[in-house]
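Data first, discussion second: the structure below is written as structure tokens.
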Amino acid sequence: MQKRVVVTGGMGYIGSHTIIDLIDNGFEVISIDNYLNSEPEVLDRIFDVTGVRVKNYNVDLVDAAATKAVFEANPNIDGIIHFAALKSVGESVEKPWEYFHNNMNSLLNVLKCAADFNISSFIFSSSCSVYGNANELPVTENTPMQEAESPYARTKQIGEHIITDFAKAHPDFKAILLRYFNPAGAHESAKIGESPTYNASNLVPVITETAIGKRKQVTVFGSDYDTRDGSCVRDYIHVMDLANAHTKSLEYLMQNKNEQACEIFNVAIGEGVSVLEAVQAFERSTQQKLNYVIGERREGDVIAIYANLDKAAARLGWQPKRDIDAIMRTAWEWEKVRSKQTAKV
Ligand code: WQD
């Protein structure tokens with residue numbers, strides 16, 4: 001009997017790639033996404049890759065009644081993966097009310113449905129941003145959370161606490177909080193990838209948009225940090241490895257392997273890559289020269305963060321399979337395809 005999973009935010013970058021991995025691993029998927037930061041074409045791209053026509057409910061999860069109606073129309077759901085959230089760090093500083101209103105109410109409404117419809121396995125899209133400027137590196141799941149650097153990060157910290165307390169109060173409910181580091185790259189088929197509906201601000205899409213000619217240059221935000229080459233260090237994780245971490249997490253819960261009602265896992269490659277090293281990786285893996293300049297630091301940037309992955313490897317049996325070169329190569333292949341598609345519009 002196929003396990004049925006509801007994926008909220010399923011039309012987004014990580015959500016859509018995770019749907020592909022779930023289908024590859026035999027799951028039946030139902031998506032709920034109001035296309036706030038995605039586009040209906042994503043359904044066609046998922047079909048192109050998997051041959052499966054996924055159903056997406058265009059519903060705002062802040063609307064409790066509309067959310068409940070989706071679960072009423074789809075009985076016998078075995079698990080939920082909750083991606084749907086506003087996720088721009090910079091935008092959250094300008095619009096904190098919108099971020100708390102959207103991210104918290106949508107989480108609460110989905111949790112209410114999990115309780116009302118006896119759905120016991122729940123995966124939450126959390127973030128390395130809950131660590132803030134961590135006081136130790138690499139960070140483990142036991143590294144204490146520091147003060148959130150943005151309202152976005154705070155919604156993830158609060159979300160983790162809500163789910164932890166909810167799991168304590170509902171004995172049949174079990175959850176995994178996945179703390180993503182820097183997701184990047186695209187599906188190897190180049191039929192799907194990151195397609196931000198607003199101006200990308202993350203490093204890897206900025207690099208590929210510069211290389212394809214949509215942008216004049218990449219500005220490296222600071223080269224005077226206390227790191228090996230002066231630029232900030234991050235832990236970039238290929239989106240398909242990140243997708244598989246969700247599938248492995250669901251299987252772990254459905255096989256009752258969890259030891260606590262709510263468990264936390266870092267999802268990353270487990271090594272730090274600086275901005276300048278990322279630029280070099282792009283040029284090396286694509287043979288494209290990149291036009292970049294050194295600029296001022298960006299407000300709110302964490303100097304360095306990267307993860308220790310031992311727990312996910314030991315408990316979930318999950319390991320990243322792709323490195324920074326694969327991230328850059330697949331991101332570039334997708335950018336070339338995506339630019340042709342948008343050029344036709
Ligand atoms: C990476 C590095 C920039 C753009 C993201 C998400 C956040 C969370 C963690 C999931 C930084 C530098 C960037 C540019 C640059 N993910 N940079 N020039 O800030 O680490 O956070 O991953 O929850 O939601 O936003 O990612 O890609 O913006 O920046 O020099 O044009 O690249 O300073 O050091 P960040 P990013």
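So what J values fall out for segment 287-298 if you push phi through Karplus, 6.51 cos²θ - 1.76 cosθ + 1.60 with θ = phi - 60°, rounded to Hz, Gly and Pro as x?
6, 9, 6, 10, 8, 9, 10, 8, x, 6, 4, 9
Contact order normalised by length for segment 202-345, with contacts defined as Cα pairs under 8 Å and 6 or more residues apart; what percent is it? Working shown, then result.
Details: 197 pairs, mean separation 54.8, N = 144.
Result for segment 202-345 is 38 percent.
Relative to the longest principal axis of the C-alpha atoms of the chain, give the angle of the C-alpha long axis of helix 64-73, reported between 0 and 90° and rounded to the nearest 10°.
Tilt relative to the chain: about 70 degrees.
Using the Karplus curve 6.51 cos²θ - 1.76 cosθ + 1.60 with θ = phi - 60°, work out ³J(HN,Hα) for each residue of segment 224-235 in order, rounded to whole Hz, and write x for Gly and Pro.
10, 7, 7, 10, 4, 10, x, 9, 5, 10, 9, 10
Considering only the other residues whose Cβ falls under 12 Å of the Cβ of ILE305, what net charge follows from Lys and Arg at +1 and Asp and Glu at -1? Please report the intermediate quantities before stating the final value.
Values: positive: ARG179, ARG234; negative: GLU136, GLU149, ASP235, GLU271, ASP301.
That works out to -3.
If R0 is 30 Å, what FRET efficiency do you get for ILE162 and LEU137 from their C-beta distance, rounded to 0.05?
Numbers: r = 28 Å, r/R0 = 0.93.
It comes out at approximately 0.60.
If contacts are Cα pairs under 8 angstrom and at least 6 residues apart, what is the relative contact order of the chain in percent?
On the way: 681 pairs, mean separation 65.1, N = 345.
Across the chain, relative contact order equals 19 percent.
For the chain, which semi-axes, largest first and in whole Å, follow from the square roots of 5 times the eigenvalues of its Cα gyration tensor?
Numbers: eigenvalues 191, 109, 71 Å².
Gyration-tensor ellipsoid for the chain: 31, 23, 19 Å.
Hey, rough spin-label estimate for GLU41 and ARG4, points 7 angstrom out along Cα→Cβ, what's it come to in nanometres?
For the pair GLU41/ARG4, the computed spacing is 3.2 nm.
If you keep only loop residues by DSSP, which chymotrypsin sites (Phe, Trp or Tyr not before Pro) in segment 160-209 have at most 13 other Cβ atoms within 10 Å of their Cβ? Show your work: numbers first, answer last.
On the way: sites: PHE166, PHE173, TYR180, PHE181, TYR198; in loops: PHE173, PHE181, TYR198.
Sparse-neighbourhood loop chymotrypsin sites (Phe, Trp or Tyr not before Pro): TYR198.
Roughly how far apart, in whole Å, are the Cα centres of segment 133-175 and segment 1-15?
Their Cα centres are 22 Å away from one another.
Relative contact order for segment 66-221 using alpha-carbon pairs under 8 Å, separation at least 6, rounded to a whole percent? Spell out each step's value before the answer.
Details: 168 pairs, mean separation 34.7, N = 156.
About 22 percent, as a whole number.
Restricting to DSSP loop positions (anything but H, G, I, E, B) with no more than 12 other Cβ atoms inside 10 Å of their own Cβ, which trypsin sites (Lys or Arg not before Pro) remain in segment 1-72? Present the calculation step by step, with values, prior to reporting the outcome.
Numbers: sites: LYS3, ARG4, ARG45, ARG53, LYS55, LYS68; in loops: LYS3, ARG53.
For trypsin sites (Lys or Arg not before Pro) across segment 1-72 that sit outside H, G, I, E and B with at most 12 neighbouring Cβ atoms in 10 Å, the list reads ARG53.
How charged is the neighbourhood of GLU72? Take every other residue with its Cβ under 15 Å from the Cβ of GLU72, and add Lys/Arg as +1 and Asp/Glu as -1. Working shown, then result.
Details: positive: ARG4, LYS55, LYS68, LYS112; negative: ASP63, ASP116.
Counting the neighbours of GLU72, the net charge comes to +2.
What lysines does LYS214 reach when the alpha-carbon gap must be under 30 Å and sequence neighbours fewer than 8 apart in one chain are set aside?
Result set, ordered by chain and number: LYS87, LYS95, LYS191, LYS289, LYS336, LYS340, LYS344.
Using a 1.4 Å probe on the protein chains only, how many percent of the accessible area of the chain belongs to carbon and sulfur?
49
Order ILE269, ILE119 by their accessible area, 1.4 angstrom probe, all chains in place, largest first. Walk me through the numbers before you get to the answer.
Working: ILE269 35, ILE119 5 Å².
Solvent-accessible surface, decreasing: ILE269, ILE119.
Place +1 on the Cβ of every Lys and Arg and -1 on the Cβ of every Asp and Glu in segment 54-157, take the dipole about the Cα centre, and give the residue among ASN76, PHE124, LEU137 whose Cα lies farthest towards its positive end.
Projecting each Cα onto the dipole axis, the largest value belongs to ASN76.
Which whole-number value in Å² is the accessible area per residue of segment 204-300, probe 1.4 Å? Provide the component values of the computation, followed by the final result.
Values: 4220 Å² over 97 residues.
In whole numbers, segment 204-300 has 44 Å² accessible per residue.
Only residues of segment 1-40 count here: report those whose backbone N is under 12 Å from the spot 7 Å along Cα→Cβ of MET254, or say none.
Under cut-off, by backbone N: 1-6, 22-30.
In a shell of Cβ-Cβ distance under 12 Å around MET145, excluding MET145 itself, what net charge do Lys and Arg (+1) and Asp and Glu (-1) give?
Values: positive: ARG154, LYS156, ARG179; negative: GLU141, GLU147, GLU149, GLU160.
Charge balance near MET145 sits at -1.
Can you give the calculated 222 nm mean residue ellipticity of the chain, where each DSSP H run of n ≥ 4 adds -39,500 (n - 2.57) and the sum is split over every residue, rounded to the nearest 500 deg cm²/dmol? Before the final figure, lay out the partial values.
On the way: 10 runs with 137 residues, N = 345.
The helix-only estimate for the chain comes to -12500 deg cm²/dmol at 222 nm.
The values are calculated or read from the model by the stated rules, or taken from the named source; none is laboratory data. The model shown is predicted, which means the values in this text are computed figures rather than measured ones. For neighbour counting, all protein chains shown are included, and Cβ atoms are generated from backbone atoms with ideal geometry for every residue, glycine included. Just the protein is used for accessible areas: all its heavy atoms, side chains included, with ligands, DNA and RNA removed. Shrake-Rupley method; radii C 1.70, N 1.55, O 1.52, S 1.80 Å.
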